[in-house]
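The values are calculated or read from the model by the stated rules, or taken from the named source; none is laboratory data. All values derive from a computational prediction rather than experimental measurement. Every residue, glycine among them, receives a Cβ derived from its backbone with ideal geometry; neighbour counts consider all protein chains shown. These accessible areas exclude ligands, DNA and RNA; they are computed on the full protein's heavy atoms, side chains included. Shrake-Rupley method; radii C 1.70, N 1.55, O 1.52, S 1.80 Å.
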Amino acid sequence: MTTAEPTNQVFRRNISGRDSDDISSPELRHSEDEPLHVNKHIQNLKGRLLAQLQDQLSEVVDRTLCESVQILSQIQPHQNGKTAQAPISRTERKDGGKVFMHRMSLLDELFEINHIRTIYHMFLAVFLLFSLSTLIVDYLEHGRLVLEFDLLFYAFGKLGTVTWAWTLMFLYTLLVPYQLLVSWGSLYHKFPSKIALNLGFGLVLCALQICVLGLFPVYVVVHNQLPPASRFIVILEQIRFLMKTYSFIRESVPLIIDNPPKEGENPRFPTLSSYLYFLFCPTLIYRESYPRNSHIRWKYVGVTIGMILVCLFYSYYILERLCVPVFRPDTNKVFSKRSMVLAIFHSILPGTMLLLLCFFAFLHCWLNLFAELMRFADRMFYKDWWNSYSFANYYRTWNVVVHDFLYYYGYRDFLWLSRKKFRTAAMLSVFMVSAFVHEYALGMGFGFFYPVMFILFAIFGVLFNFTMNDKRQSPVCNVVMWASLFLGQGVQVCLYCQEWYAQIHCPPKRDSFWELVTPRSWSCTYYK
């Protein structure tokens, strides 16, 4: 940050001055004959100075951010020929909602450091080795130098069905909730019974949401027997549209209620263009305007698309080379306890790589791609979750976009309804909703019920959240966090891969509810 550079130079001069003063003090000169004591004193002095420097830098960063928000609040940028209201600072928001500001993604800033960028180059080198090994293996086994992507083509099959289903969901999300809001707002301040009006429009909206954004995507996925990647596209878009719709209604209704129109004037509603922009911009918190960049960096867009494609093929190689050979049934076998433990630990490496790839491909590349195309300036889609000493901090920093939605519309609204009496219940309710949605997405995406994600999230996640809280500041806690993530990813990859092949090679013996919800890998003997 350029505004902090002169201050850092002053800090360096102050620190060096203090250092020289302390070294030249009588107490230190008196101990020149005691080298061990001098070294210990210098180490203590260095620790105090570093701690003081960190505190001062944190104050400078906080002060600079506050000043930048205040400057932004006084500027009214022109967007599409219209003057848009700039976002106001945190102290100026009456509802205490999220404040959007100009800021880069953390990895974009870190990649400007050569030492950090080298880690990125290491992952690219491993990707090149995966590609080379695939070419060599295909040449040695089949005598050809052709990369085949049968698994990839299968996973993204029936994209035509996905396209028309997404188009219908998008058009509904764009037109129907907006028109219902306008109709409700036009009648609200004139209708004699506001409870009946609210109840009527609420029931209509809920019924439409359940039919179009609830049952329709499930019907498309199940009826057309979509492959896994296509399933995830439909289901994740279903969840995104539901969250976007809720945020739009949740933010717009209080503004209409609190701002009755004057005589002869029409009520003020959000513009359709602002709602359309919100449906594509990478945030789940609706605002009528956001901080915008002045132009689109098309080179950045091209590089980001290339990185998304690399992550896609990277994931394919991991599954094809590290997972399929282990879990594909080549002989009749039932997994024993020994083979299960070995399979879990074998899955830790591919599981960890898939976790990092999903984070980089979606939370960094995909969201930054849409942010750049929409000139959306607030790029804080995640924080430094890898430095977390506690799982509580990890949950807050891993996915800031979803966390903001759950915090403002789940946790805070629960506290408001309960008058801030049940904070633990509010936190548990957010965990349960998040765990259910994650398990729903995985269950619909894979096409079977196996609540591994729900158990890891709702049970172990809650346990870690309360035991490894923000009071834990030891580096050992960071090691424990990473070890838990590695093990959890290994468990998920192992169990879901086993169940996938069990669903293929062991069809259900009878149609019943228990046959549907009982994992087949528990009793299935694989046949080639």
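Could you look through region 494-508, keep only residues that are in contact with a helix residue (DSSP H, G or I) (Cβ under 7 Å, 6 or more places away or on another chain) and open to solvent by 60 Å² or more (accessible area, probe 1.4 Å), and pick out the one that is modelled with the lowest pLDDT?
The qualifying residue modelled with the lowest pLDDT is Pro508.
Taking Phe436, is it part of a helix (DSSP H, G or I), more than 22 Å from Val222 (Cα to Cα) and open to solvent by 20 Å² or more (accessible area, probe 1.4 Å)?
No.
Against the conditions (1) modelled with pLDDT of 75 or more; (2) within 30 Å of Tyr407 (Cα to Cα); (3) open to solvent by less than 80 Å² (accessible area, probe 1.4 Å), where does Met104 fall short? Just the number, please.
Of (1) modelled with pLDDT of 75 or more; (2) within 30 Å of Tyr407 (Cα to Cα); (3) open to solvent by less than 80 Å² (accessible area, probe 1.4 Å), only one is false for Met104: (3).
Within the group Ala86, Ala125, Ala155, which residue is modelled with pLDDT of 80 or more and either acidic (Asp, Glu) or surrounded by 12 or more Cβ atoms within 10 Å (Cβ to Cβ) (or both)?
Just one listed residue meets the conditions, Ala155.
Quick test of your reading of the structure: Glu499 fulfils all but one of (1) in a helix (DSSP H, G or I); (2) touching a residue at least 60 places away in the same chain (Cβ under 8 Å); (3) out of contact with any His (no Cβ under 9 Å at 6 or more places or on another chain). Name the failing condition by number.
(2)
Determine if region 191-198 includes at least one residue that is buried (at least 17 other Cβ atoms within 10 Å of the Cβ) and either touching a residue at least 12 places away in the same chain (Cβ under 8 Å) or in contact with a His (Cβ under 9 Å, 6 or more places away or on another chain) (or both).
no
Collect the residues in region 509-528 that are modelled with pLDDT under 75, outside any loop (DSSP other than H, G, I, E, B) and not acidic (Asp, Glu), keeping them in residue-number order.
Of everything in region 509-528, just one residue is modelled with pLDDT under 75, outside any loop (DSSP other than H, G, I, E, B) and not acidic (Asp, Glu), namely Phe513.
It is to be established whether one or more residues within region 254-267 are open to solvent by 30 Å² or more (accessible area, probe 1.4 Å), out of contact with any Gly (no Cβ under 9 Å at 6 or more places or on another chain), within 15 Å of Tyr409 (Cα to Cα) and in a helix (DSSP H, G or I).
Taking every residue of region 254-267 in turn, at least one turns out to be open to solvent by 30 Å² or more (accessible area, probe 1.4 Å), out of contact with any Gly (no Cβ under 9 Å at 6 or more places or on another chain), within 15 Å of Tyr409 (Cα to Cα) and in a helix (DSSP H, G or I).
Given the conditions (1) loosely packed, with under 15 Cβ neighbours inside 10 Å; (2) at pLDDT 75 or above; (3) over 21 Å from Phe376 (Cβ atoms), which single one is not true for Ala165?
Unmet for Ala165, out of (1) loosely packed, with under 15 Cβ neighbours inside 10 Å; (2) at pLDDT 75 or above; (3) over 21 Å from Phe376 (Cβ atoms): (1).
Could you tell me whether any residue of region 414-429 is in contact (Cβ under 8 Å) with a residue 12 or more places away in the chain and of a type in the set (D, E, K, R)?
No, region 414-429 contains no residue that is in contact (Cβ under 8 Å) with a residue 12 or more places away in the chain and of a type in the set (D, E, K, R).
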